[in-house]
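Comments concern the structure below.
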């Protein structure tokens, strides 16, 4: 599918929404391909980090309402049911680069990412209540309050107001603003830097952070001990120690 592009290089899988004429609005066919590519990145041992982006000036303006209107109300769920949104469920770190409008589903995709970089053209809009809906993946109502605080999240969810690039950085939603022409390079450099770390440790770190939001401190510490036990027995830990002692770059395998 030409509107959804996917490529892997230097340990980074880049997933690009390429439909600038519609500002990246998703048809159901595009969404299915998008989700399949996320799953492919998660399962690929050659992928250390997933980078999600659009083309210059465009990210994702939500679901294509013409495509939505063509489907029956019983068939508007958007693909197979999952307990956790795809980008959150992906075991790899997810970096998102936004150079345009991220509306509705597009805002949800960005919210699901682990780290967001933006250009001055980035705008995030959770406008679901103006379509008679709630945040469609649950990211806006579960993750967003944890990222920027409950009052700020409710303001955006209730009003559908835009969150601009500078505000996104000020609230901590975005990690940084880069000129549009430099955003892709900055996002890729960040993704490649993260990809040099242990895949074994990265996946467990992501899992601990996300699961920790809904557990007690005691349960979280227990889960951390379990993860550490796995890490100590891993090839990646042995390689990390050996690389430090030998003063060379580590060659992690994810095992």
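Every number in this text was worked out from the coordinates using simple rules, so none of it is lab data. None of the values given here were measured: they were computed from a predicted structure. Please note: Cβ atoms are built from the backbone with ideal geometry, for glycine as well, and neighbour counts cover all protein chains shown.
For this structure, a couple of remarks:
- Residue with peak Gaussian network fluctuation, the chain [Cα springs, cutoff 10 Å], from 52, 169, 221: 221
- Note on residue 170/residue 43: beta-carbon distance plugged into 1/(1 + (r/R0)^6) with R0 of 35 Å gives a FRET efficiency of 0.45.
- Angle in degrees between helix 180-194 and the longest Cα principal axis of the chain, rounded to the nearest 10: 30
- Global form of the stretch 127-255, assessed from the alpha-carbon gyration tensor, a/c cut-off 1.5: oblate
- Ranked for footprinting exposure by Cβ neighbours inside 10 Å, fewest first, 155, 142 give 155, 142.
- A helix-only calculation puts the chain at -13500 deg cm²/dmol for mean residue ellipticity at 222 nm, using -39500 (n - 2.57) for each DSSP H run of at least four residues, averaged over all residues.
- Separation between Cα centres of the stretch 12-45 and the stretch 173-189, rounded to whole Å: 20
- With Cα atoms, 0 to 90° folded angle of helix 217-232 axis to the chain main axis: 50
- Full extension of the chain segment joining residue 226 with residue 246 gains 4.4 nm, where the gain is 0.36 nm per residue of separation less the Cα-Cα distance.
- Based on C-alpha pairs under 8 angstrom that are at least 6 apart in sequence, the chain has a relative contact order of 16 percent.
- Taking the number of Cβ atoms within 10 Å of each Cβ as an exposure proxy, the fewest-first ranking of 181, 167, 235 is 181, 235, 167.
- For the chain, the longest principal axis of the C-alpha atoms and the axis of helix 199-212 are separated by about 60°.
- Here the label points at residue 5 and residue 180, each 7 Å from Cα along the C-beta direction, are separated by 1.7 nm in the simple model.
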